[in-house]
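First the structure, in the form of structure tokens, and then the observations on it.
The values are calculated or read from the model by the stated rules, or taken from the named source; none is laboratory data. All values derive from a computational prediction rather than experimental measurement. No Cβ is skipped: glycine too gets one built from the backbone with ideal geometry, and neighbour counts run over all protein chains shown. These area figures cover heavy atoms from the full protein model, side chains too; ligands, DNA and RNA do not enter into them. Shrake-Rupley method; radii C 1.70, N 1.55, O 1.52, S 1.80 Å.
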Amino acid sequence: IGFLSTRNVLPKYGFPVDVVELQVTHHNVVAKGIHLQRDLRTAIGEYAPGSQVVAGGLLWTSYGLKKQKNRSWPEYKYRVCKECERYVRPDYSNEDELEVCPGCGRPMDGVIRKLIFPIFGFTTSVEDELKKPGRTRPDRGYTSRVYFSRYKYDEPGAAEEPGRLELSGGHIEWKYASMGCLAVVNQGKGGGYRICKSCGYAEISDGKRKKDTKHKTPWGRNCDGTLVAMDLAHEFITDTAELNIPHITDYRDELWLSLLYAILEGASSALDIARDDIDGCLYRTKDSPVPSLVLYDNVPGGAGHVRHICNNDNLKRVLEHALKRVQVDCCGDDASCYGCLRNYRNQWCHHKLQRKLAEELLKKILAEVI
């Protein structure tokens, strides 16, 4: 089931293979009746070590990664290009592929980072000091970010369809693909997490190497395991739609991110798609100095939403609704708000989103309907 679901043969909403648990290990009688589960892409933020969850009227703190006997977590080396923010993770940790960015062609500077897929879930500590929640929100894991990784052309059932929408203000090239691979990465405060491979204990890292590695297992015993700096990550395959606007030469992130989220809001409005069911990110290649806009179904395995967008008539309606979204006088021209472009998932780039930039670009593209 897992093999067929990850390759989009079986729908993941029918066979939720990526669901993990925050195992509540405590002697308190309340703990026996608590079962906390999340999709892994959400769990690496909400259940990350140090995060707090309210359940059964008590506050539970994630202590580390759940470990299974004789099984190890998948680990890989990766980099995110500092110039174009392209995510690169070779399948077999071939460091040669991490030297030059496939997106902008520049050398990739900085330390090669490691990531781990916490596929067995997370756990609390048996020694956790239980408290009742107060008036403030519980501590949550740091915001994770989604990157487009690559297309899985070699997978059975992989399909794609290209198209081109002609408009008075230019044209848009689009491509639908059924096997787009997205990566969700949680780097903590920037230094990742210090994780013990022996017992699963983990703590947020400040990026500095510490000599003291003493810690206890989730069951309260002393552990001599070494703490290794790694990021938490998850990858999933879903339907994607890649949009390219080649005649626009402005490569500022502020412009393209603003346009991306305007189009996502427009798609939700024009095609009656729940906003949480679709999302997007930027993707850069050597073929163009400006990024592509990658829209994807938020449901692993795909739900057909972006496939519906990949139609000239529908795409034009999406752009028109996107323009209406950013023409509302809800905030300053050089800012954004939750009434136009902002939402919970794009908190990492709120400071870059500008409603006016998206409005001006959409007017330029949709010259025939202004």
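Beyond 29 Å between alpha-carbons counts as too far, so tell me which of Lys82/Lys210; Lys82/Lys152; Lys32/Lys210 fall in that bin.
Working: Lys82/Lys210 26 Å; Lys82/Lys152 25 Å; Lys32/Lys210 36 Å.
Lys32/Lys210, as the Cα separations exceed 29 Å there.
Once you charge only the Cβ atoms, +1 for Lys and Arg and -1 for Asp and Glu, what is the size of the charge dipole of the chain about its Cα centre, to the nearest 20 debye?
Numbers: 53 positive and 49 negative charges, 324 e Å.
Dipole about the Cα centre, nearest 20: 1560 debye.
Which number do you get for Rg(Cα) / (2.2 N^0.38 Å) in the chain?
Computed over Cα atoms of the chain, the ratio equals 1.05.
Take the cross-link list Lys77/Lys131; Lys77/Lys214; Lys66/Lys131 and give me the ones stretching past 30 Å between alpha-carbons.
Working: Lys77/Lys131 38 Å; Lys77/Lys214 26 Å; Lys66/Lys131 22 Å.
Correct reply: Lys77/Lys131.
Which one, Ile1, Pro246, Cys196, projects farthest toward the positive side of the charge dipole computed for the chain from Cβ point charges (K/R +1, D/E -1)?
Towards the positive end, the residue furthest out is Cys196.
Could you compute the net charge surrounding Cys349? Neighbours are other residues with a C-beta less than 14 Å from the C-beta of Cys349; K and R count +1, D and E count -1.
On the way: positive: Arg145, Arg252, Arg342, Arg345, Lys352, Arg355; negative: Glu85, Asp253, Glu254, Asp279.
Summing Lys and Arg as +1 and Asp and Glu as -1 gives +2.
Just tell me which aspartates and glutamates come within less than 20 Å, Cα to Cα, of Lys132; anything on the same chain fewer than 8 places away is out.
Glu46
Heavy atoms only, probe 1.4 angstrom, no DNA, RNA or ligands counted: give me Lys66, Lys114, Lys132 ranked by accessible area, highest first.
Result of the area sort, largest leading: Lys132, Lys114, Lys66.
Okay, helix-only estimate at 222 nm for the chain: each DSSP H run of n ≥ 4 adds -39500 (n - 2.57), divide by all residues, round to 500 deg cm²/dmol; what do you get?
So the calculated ellipticity at 222 nm is -5000 deg cm²/dmol.
Through the Karplus equation 6.51 cos²θ - 1.76 cosθ + 1.60, θ set to phi - 60°, convert the phi angles of segment 60-71 into ³J(HN,Hα) values in whole Hz; use x for Gly and Pro.
10, 10, 5, 9, x, 8, 6, 10, 10, 5, 6, 10
What nm distance separates the two modelled labels at Asn70 and Lys216, each placed 7 Å from Cα along Cα→Cβ?
Going by the 7 Å Cα→Cβ label model, 3.0 nm.
Please determine, in degrees from 0 to 90 and to the nearest 10, the orientation of helix 253-270 with respect to the longest principal axis defined by the Cα atoms of the chain, where the helix direction is its Cα long axis.
Helix 253-270 sits at roughly 80 degrees to that axis.
Restricting the count to DSSP beta bridges whose residues both fall in the chain, what percent are antiparallel, rounded to a multiple of 5?
Antiparallel: roughly 95 percent of the beta bridges in the chain.
Any idea which of Ile263, Thr61, Pro90 is furthest toward the positive side of the dipole for the chain, if Lys and Arg beta-carbons carry +1 and Asp and Glu beta-carbons -1?
Thr61
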